[in-house]
Amino acid sequence: MVSKTRMGRVAGGLERELSAILRELKDPRIGFVSITGVEVSPDLRHARVFVSVLGGPETEAATMEGLRRSQGYIRGEVTRRLRLRLAPELEWVPDHSIERGVRIAKLIRDVREAEERAHEGKEAVARVLRAARSFLIAVHVRPDGDAVGSALALGLALERAGRRVRFLVDGGIPRNLAWLPGADRFEPPAALDEAPEAAVLLDCGDLERVGQVRPLLDQAQEVVNIDHHPSNTRFGSTRWLEPSAAAVGEQVLDLLDELGLELDERVATALFASIASDTGGFRYANTRAETLERAARLVRAGAKPAEISRRLWEERPLSSLRLLSRTLESLEVAAGGAYAWVRVPRAALEAAGAAEEEVEGLVNYPRTLQGVEVAALFQEASLEGRPAVRVSLRSNRWLDVARVAARFGGGGHARAAGCTVPGALDEVVRRVGQAVEEELAAGPESGGEEA
Ligand SMILES: [Mn+2]
């Protein structure tokens, strides 16, 4: 007789080695079989081996027969691998129990998850970028500086490495980004003469956001999703999702390092613009030491911070300042000063002679009001031909505005989020305002909310 511990150890060893032996055994009589458990007798002379066979009763019968016939070989291998003096007699028992079935489901899930992981992360994305010869690089509609900057940086670097690259955007590039090196390369979606080997989407949390680029993606062998939105829908065949990154530009810089591609002035400028955009000029809470370290590298590689900042934020047309003036006129405050919002009705755009894109960033004005935690901007828009309101939300210290946006079918980051809500301007202002006030009333959860 031996101790329970030794019995357990032998059973565990048997289970492991038998699984390995069965995998190596290329016997046509033995189907897809998994060992679901092993019981060893106290004298270690007998072992009941529970097996589950994938397939119908006939496959199972054939497999059981195959196992019995291979008994001699299998026992020999077990003796050798486990260094036993005498291998136990093996009794093969088909396993149909529910508990074992659950274990099989778990095994299958583990295999699937391992497969998923192989297509996830920086190295996985780098593998695809290294292998593909032709690329389609796309950003979402109304792209911001992070989307355009990170897309240009990656595309231009790949091009320098001898790849073919096309840049796509539905609806054009905003004026304040049109100066970026290579920005004129962006084309509207149109039929492709050549199917790209890989399509790469940057800073795009949801495939619905690319507009008419969407059908073109189906032609690519691989769709790569590089993003930092916590609400990313995990689309694509390979993805690298990094919510801790301040900007996708940070991820692209790391990717270029991984690929061994050197920075030049154009790539550095595009990346600096990307990171500066998403950190509000390195002022927001997402600015980490690593962010500034990366920015320093970009400056050494030729990015000019003052010039980039001026072109991003300080070369505004007269229409923009006129729109700003009208927008500030609409400022309202509630929740004891913790919530401030502005409205941009269609008439305000028309009166100022401003384009849609000039609304971008105006939400930051109510955010700067002393005592404000949440700021919102409500812009009159339309959704499938019906009246709707585009809502931009920002928070200063603790409130998760992505949660507010999610209530209305939107998403984003904890400090910057948005949604498009069907309905008239006044009604949406009221409904979203109510949601914001509820979240404010709930207060910050315990500690460490500054992020
Ligand atoms: Mn971004």
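Values in this text are rule-based calculations from the coordinates and carry no lab data. No experiment lies behind these values; they were computed from the predicted model shown. Backbone-built Cβ (ideal geometry, glycine too); neighbour counts: all protein chains shown.
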For region 318-442, what ratio Rg/Rh do Cα atoms give with a Kirkwood hydrodynamic radius?
0.95
Helix 318-329: angle to the longest alpha-carbon principal axis of the chain, degrees 0 to 90, nearest 10?
80
Which order do the peptides 198-207, 423-432 take when ranked by the mean count of other beta-carbon atoms within 10 Å per residue, highest first?
198-207, 423-432
Region 34-60-region 196-237 distance, computed between alpha-carbon centres (Å):
46
Magnitude of the Cβ-charge dipole (Lys and Arg +1, Asp and Glu -1) of region 4-118 about the Cα centre, nearest 20 debye, reported as 560
Can you give me the angle between helix 71-81 and the longest principal axis of the chain, using Cα atoms only, in degrees from 0 to 90, rounded to the nearest 10?
70
Dipole magnitude (debye, nearest 20) for the chain, charges at Cβ of Lys, Arg, Asp, Glu
1420
What is the spin-label model distance, in nm, from Leu54 to Asp218 if the labels are put 7 Å beyond Cα along the C-beta direction?
2.9
Tell me the angle of helix 98-118 to the major Cα principal axis of the chain, expressed in degrees between 0 and 90 and rounded to the nearest ten.
50
Share (percent) of C-alpha pair distances in the chain greater than 33 Å works out to 51
So for the chain, taking the charge dipole from beta-carbon charges (+1 Lys/Arg, -1 Asp/Glu), which of Val363, His140, Leu84 sits furthest toward the positive end?
Leu84
Could you order peptides 356-364, 73-81 by the average number of other Cβ atoms within 10 Å of their residues, highest first?
356-364, 73-81
Computed for region 289-438: size of charge dipole around the Cα centre, +1 on C-beta of each Lys and Arg, -1 on C-beta of each Asp and Glu, debye to nearest 20, value 400
Computed over region 4-118, Kirkwood Rh from alpha-carbon pairs, angstrom
14.8
Expected sort for 49-55, 305-311, 334-340 on mean C-beta neighbours within 10 Å, highest first, is 49-55, 334-340, 305-311
Can you figure out the FRET efficiency of Glu314 with Ala347, using R₀ = 45 Å and their beta-carbon distance, to the nearest 0.05?
0.95
Label-point separation, Glu356 to Glu39 (7 Å along Cα→Cβ), nm:
6.9
Expected output is a single nm value to one decimal: the length gained when fully extending between Thr233 and Glu113, i.e. 0.36 nm times separation in residues minus the C-alpha distance. What is it?
41.5 nm
Considering only Ser325, Gly336, Ala347, whose Cα is most displaced toward the positive end of the charge dipole of region 318-442, charges sitting on Cβ of Lys, Arg (+1) and Asp, Glu (-1)?
Gly336
